Amino acid sequence: MKKVLLFAATAATLVACGGGGGRPTFGDNEYPVATVGTSTADMQTTYPATIKGVQDVEIRPKIQGFLTQINVKEGQTVSAGQVLFVIDNETYQAQVRQAQASVNTAQQQVNTAKLTFENTKQLHESRVVGDYELQTAENSFESAKAQLAQAQAVLASAKETLSFCYVKSPASGVVGTLPFKKGALVSASNILTTVSNISSMEVYFSITEKEAMTLSAAGLTSLPDVKLQLADGTTYSHEGKVTKMSGVIDAATGSVQLIATFPNPEKLLKSGATGNIIIPRVSSNVIIIPQACVSEVQNKKFVYTLGKDNKVKYTEIKVDPQDDGNSYIVTDGLKAGDKYVTNGITKLNDGMEIVPITPERYKQKIDEQAKAMTASDIVGAIK
């Protein structure tokens, strides 16, 4: 059993050496060579994202005062118009009472002025008083009505100010953090809490200016449904749709912001959370090669291509910036029908002549060599 395990470990070591750039010594300058072909690739592009409710409303008081009541708890679901906080209102209630008294006084003055005007009007018709007395009575009546309107306006303003003491939710949603406690002095500069409508969520992410230009030409409807990877690495169970794109390019980053909307029936997504937007895409007739056959120098990627004279050429390629960690999609530098070395590239030099074999034959020779190795060879390979 130990011999079997040791042989398996040794074979794995040899294959790893072949795949990682090194190669077993065959003694005949043989290297595996594959022919470039095209295929369909299922790829995905990932963007960092921030999650927000479709409506995140900051709750601020309109007046200054001491908090006397806090009627909600963090995470509580509230409805539009529900009273969340109460601010000390004794002073404002007194102002309402004072304004109401002024309205009552002004109303009595209007009533008196009206009686005087009507009586004077009758006397004027009987030619008991002249035009001057009639006009004076009418002016007094109109002045009293104006004073009443002014008093009523003051009362309405006092009532509105009093209503500000009852801080209500402008929308339905979920209550956020409550940074202030009962008895705290608050003003319009303080955010008492945030009410978030999380029935559906907006996920914000950014793309490059070049990607934005391509997307603008194709339209948002050209994008497939997107996925959301949560902070713990899991994928959210519901797919979303990109619904909005900013018309402004961020001068600092050269990026354009997009918004994807996701349903949130289980209330799993929380406003302020982070994650990654995943946009799937299918590429047809593309060249896909293993990353193991690619070397990288100063952020440039190279492969060894094989010429008709069996000499290799150190060839620069360009690849799609998004990859799956195992393969590259080649966008330039290779074409269908080209041949490239798949293993042992660290042993090659530009212009070196090799004996090409198929990848299948290469693996077969590795297996044959592993079987023929002595105990000391195995120990040396493991070291």
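The values are calculated or read from the model by the stated rules, or taken from the named source; none is laboratory data. All of these numbers come straight from a predicted model, not from anything done at the bench. For neighbour counting, all protein chains shown are included, and Cβ atoms are generated from backbone atoms with ideal geometry for every residue, glycine included. Ligands, DNA and RNA are stripped out before the accessible areas are found, and what is left, the full protein with its side chains, is counted by its heavy atoms. Shrake-Rupley method; radii C 1.70, N 1.55, O 1.52, S 1.80 Å.
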* Restricting attention to region 220-234, and to residues there that are under 15 Å from Ile279 (Cα atoms), open to solvent by less than 80 Å² (accessible area, probe 1.4 Å) and not in a helix (DSSP H, G or I), which single residue is modelled with the lowest pLDDT? -> Leu223
* Evaluate region 56-77: report whether one residue or more is assigned to a strand (DSSP E or B), among the acidic types (Asp, Glu) and exposed (fewer than 13 other Cβ atoms within 10 Å of the Cβ). => yes
* Asked: Do you know which residues across region 325-339 are charged (D, E, K, R) and touching a helix residue (DSSP H, G or I) at 6+ places or on another chain (Cβ under 9 Å)?
  -> none
* To do: Consider only pairs whose beta carbons are under 8 Å apart and that are at least six residues apart or on different chains; among these, list those whose first residue lies in region 322-350 and is open to solvent by less than 20 Å² (accessible area, probe 1.4 Å) and whose second residue is at pLDDT below 90 and basic (Lys, Arg).
  => Gly344/Arg23
* To do: May I ask you to say which residue of Val195, Val203, Val256 is touching a helix residue (DSSP H, G or I) at 6+ places or on another chain (Cβ under 6 Å), part of a strand (DSSP E or B), crowded, with 16+ Cβ neighbours inside 10 Å and among the aliphatic types (A, V, I, L, M)?
  => Val256
* Asked: Is at least one residue of region 135-155 among the aromatic types (Phe, Trp, Tyr), surrounded by 12 or more Cβ atoms within 10 Å (Cβ to Cβ) and over 26 Å from Asp56 (Cα atoms)?
  -> yes
* To do: Within region 1-39, count every residue that is at pLDDT 80 or above and either in a strand (DSSP E or B) or of a type in the set (Phe, Trp, Tyr) (or both).
  => 7
* Structure fact -> Just one listed residue, out of Val129, Val167, Val175, is under 32 Å from the mean Cα position of the chain (by Cα), of a type outside the set (Gly, Ala, Ser), surrounded by 15 or more Cβ atoms within 10 Å (Cβ to Cβ) and modelled with pLDDT under 95, and it is Val175
* To do: Kindly list, by first and then second residue, each pair from a residue in region 172-187 that is over 11 Å from Ile70 (Cα atoms) to a residue that is among the charged types (D, E, K, R), limited to pairs with Cβ atoms under 8 Å and residues at least 6 apart or on different chains.
  => Val174/Lys267; Val175/Lys73; Val175/Glu74; Gly176/Glu74; Thr177/Glu74
* Considering only region 259-272, state which residues are surrounded by fewer than 16 Cβ atoms within 10 Å (Cβ to Cβ) and not charged (D, E, K, R). => Pro263, Pro265, Leu268, Gly272
